[in-house]
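Take a look at the structure set out below.
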Amino acid sequence: MQANHEELMELVDLWNYSPEATAKIRDILQSESPPPPHLFRYYGKEEGKVQQAERLFAETMGAKHALAVNSGTSALMAALAACGIGPGDEVLVPGYTFFASASVVVASKAIPVICEVNDSLNIDPEDMERKITPQTKAVIAVHMRGLCADMDEIMAVARKHDLRVIEDVAQACGGSYKGQMLGTFGDCGCFSFDFFKIAMSGEGGFVITNDEFLDTRAQSWHDTAACWRPDRYAKERMPGELFCGENYRMSELQGAVALAQIRKLENHLDGMRAAKKAVRDRIDLPEDFAMRRQPDPEGDTGIALILFAPSPEKAKALIGALKERGVSAGGRFDATVRDWHVYSNWEHILEQKTLTSEGCPFTCPFYKGTLPDYRPDMCPKTLDFLSRSVHIGISARDDDKCAETAAAINEAAAAVA
Ligand SMILES: Cc1ncc(COP(=O)(O)O)c(C=O)c1O
């Protein structure tokens, strides 16, 4: 069945135009009957929205290839598949990230090894190296809350131990490290375009890479069985191209939204960065309080301002004092509150809950290592940093408002010190 006016009318309804404006748009749309669009990315005669979004995203990120997929989780799955990660392999993941970065490892039938984060709230390269075993094949380096991980150190450890590096850039789209875009350091960079992200298409994601082989394999995996290669039924163009995959294709509807969002990305980031800088530059914290360490302040996306109190109690008091002063603030770890971003809540992994009863990957005969000692307190440093962290939302954009926010932060911190 074709997508005609009726579908477009439903889309118009998504924007809350006034009834008068909606009626006018409907009149205009009804007066013409253009040929219906192909909402499937691989049909249509010209370059479709998904393909345009891929081209623009690759260009924006400075990567050779970008593959659009239907979520950030799909992007991670496709990257792991492209890198050949599976039964018998261990993958290092940080203890602070959205659960998806770890669950994809189990879904790929590999073993997640949970690592500490450091004062950047991203994976700690030293703990990463400590946890490497002969089974370790990859690390998922996540750039949390808009800010890069310690990429020089992570890449040095990865090169030394011949590990694949998959960057999870879901929360830091457009961020950089020493002038290079996040997502281009490792083998693959994975992005989420879900509703809550810096750039979004409702649901969606991208995998970027400079490696043609990895791009081909990610394409195959995301497209059931590499159905939609340039020549659909050709024999494999290179060994490793053909295997049974899943379907993570992005539709033209998501592609259209993603394309517009990518075009707006730089401008959007400029606004957030300027506001954060205007607040941050005015912050003067009492002794024992500290700002989250920025491995590269220039590359920050500016989406979050995070500081550390000297104790969880002082962090709670500071959150209260900030709220009293009209500043939106929240903590990141409280043992009584469930939060999928903290590993101690990942009971699926800690208790080795699996899809099928044989217990794979935790019982996999291909796995020759010793399972990590999964416990809620296995990464004490991570819990310490998170329980003392205070996340401050910056909604103000003009300089006077930013100055007010900074003054409120200074006052609140002084009151609880
Ligand atoms: C760090 C991180 N990785 C992966 C994902 C998964 O992205 P999606 O919701 O698009 O599957 C998210 C989403 O919140 C995320 O924050």
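The values are calculated or read from the model by the stated rules, or taken from the named source; none is laboratory data. For clarity, every value in this text was computed on a predicted model and none was experimentally measured. So basically every Cβ, Gly included, is an ideal-geometry build from the backbone, and we count neighbours across all protein chains shown.
Table for the structure above
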| item | result |
| --- | --- |
| Answer from Ser120, Ser101 - the residue that is at pLDDT 95 or above, within 15 Å of the chain's Cα centre (by Cα) and among the hydroxyl-bearing types (Ser, Thr, Tyr) | Ser101 |
| Whichever residue in region 286-341 is in contact with a Lys or Arg (Cβ under 8 Å, 6 or more places away or on another chain) and without any contact (Cβ under 8 Å) to a residue 40 or more places away in the chain and, among such residues, is nearest to Ala407 (Cα to Cα) | Met291 |
| Subset of region 109-135 (residues that are closer than 20 Å to Gly359 by Cα and crowded, with 22+ Cβ neighbours inside 10 Å) | Ala110, Ile111, Pro112, Val113, Ile114 |
| Members of region 37-96 that are of a type in the set (Gly, Ala, Ser), under 22 Å from Ala226 (Cα atoms) and within 16 Å of the ligand (Cβ to nearest atom) | Ala53, Ala66, Ala68, Ser71, Gly72, Ser74, Ala75, Ala78, Ala79, Ala81 |
| Test for Asp127: is it over 28 Å from Met200 (Cα atoms) and not in a loop (DSSP other than H, G, I, E, B) | yes |
| Flag for Arg232 being at pLDDT below 95 and charged (D, E, K, R) | yes |
| Long-range neighbours under 9 Å by Cβ, at least six apart or interchain, first residue within 12 Å of Ala258 (Cβ to Cβ) within region 69-84, second assigned to a helix (DSSP H, G or I) and among the polar types (S, T, N, Q) | Asn70/Gln254 |
| Strands (runs of 3 or more DSSP E) contained entirely in region 31-123, each with at least 1 residues that are more than 30 Å from Asp373 (Cβ to Cβ), among the basic types (Lys, Arg) and out of contact with any helix residue (DSSP H, G or I) (no Cβ under 6 Å at 6 or more places or on another chain) | none |
| Residues that are of a type in the set (S, T, N, Q) and within 19 Å of the chain's Cα centre (by Cα), drawn from region 46-98 | Thr60, Asn70, Ser71, Thr73, Ser74, Thr97 |
| Scope region 232-285; condition in a loop (DSSP other than H, G, I, E, B), among the basic types (Lys, Arg), farther than 21 Å from Ala170 by Cα and in contact with a helix residue (DSSP H, G or I) (Cβ under 9 Å, 6 or more places away or on another chain); matching residues | Arg237, Arg282 |
| Residue in region 6-29 that is in contact with a strand residue (DSSP E or B) (Cβ under 6 Å, 6 or more places away or on another chain) and at pLDDT 90 or above present | no |
| Pairs where the first residue, in region 183-197, is free of Cβ contacts under 8 Å to residues at least 12 places away in the same chain and the second is within 12 Å of the ligand (Cβ to nearest atom), C-beta under 7 Å, 6+ apart | Phe195/Gly202 |
| Single unsatisfied condition, Glu203 versus (1) of a type in the set (D, E, K, R); (2) under 12 Å from Val142 (Cα atoms); (3) near the ligand (Cβ under 10 Å from one of its atoms) | (2) |
| Val91 being within 26 Å of Asp339 (Cβ to Cβ), in contact with a Pro (Cβ under 7 Å, 6 or more places away or on another chain) and modelled with pLDDT of 95 or more | yes |
| Qualifying residue in region 221-233 (condition: crowded, with 17+ Cβ neighbours inside 10 Å, closer than 20 Å to Glu59 by Cβ, touching a residue at least 60 places away in the same chain (Cβ under 8 Å) and not aromatic (Phe, Trp, Tyr)) | no |
| Looking only at region 163-185, and only at residues there that are away from the ligand (no atom under 16 Å from the Cβ) and closer than 14 Å to Met144 by Cα, the one that is surrounded by the most Cβ atoms within 10 Å (Cβ to Cβ) | Tyr177 |
| Index of the failed condition, Phe196 passing every other in (1) surrounded by 21 or more Cβ atoms within 10 Å (Cβ to Cβ); (2) within 16 Å of the ligand (Cβ to nearest atom) | (1) |
| Failed criterion for Lys178 (all others in (1) within 28 Å of Ile392 (Cβ to Cβ); (2) within 18 Å of the chain's Cα centre (by Cα) hold) | (2) |
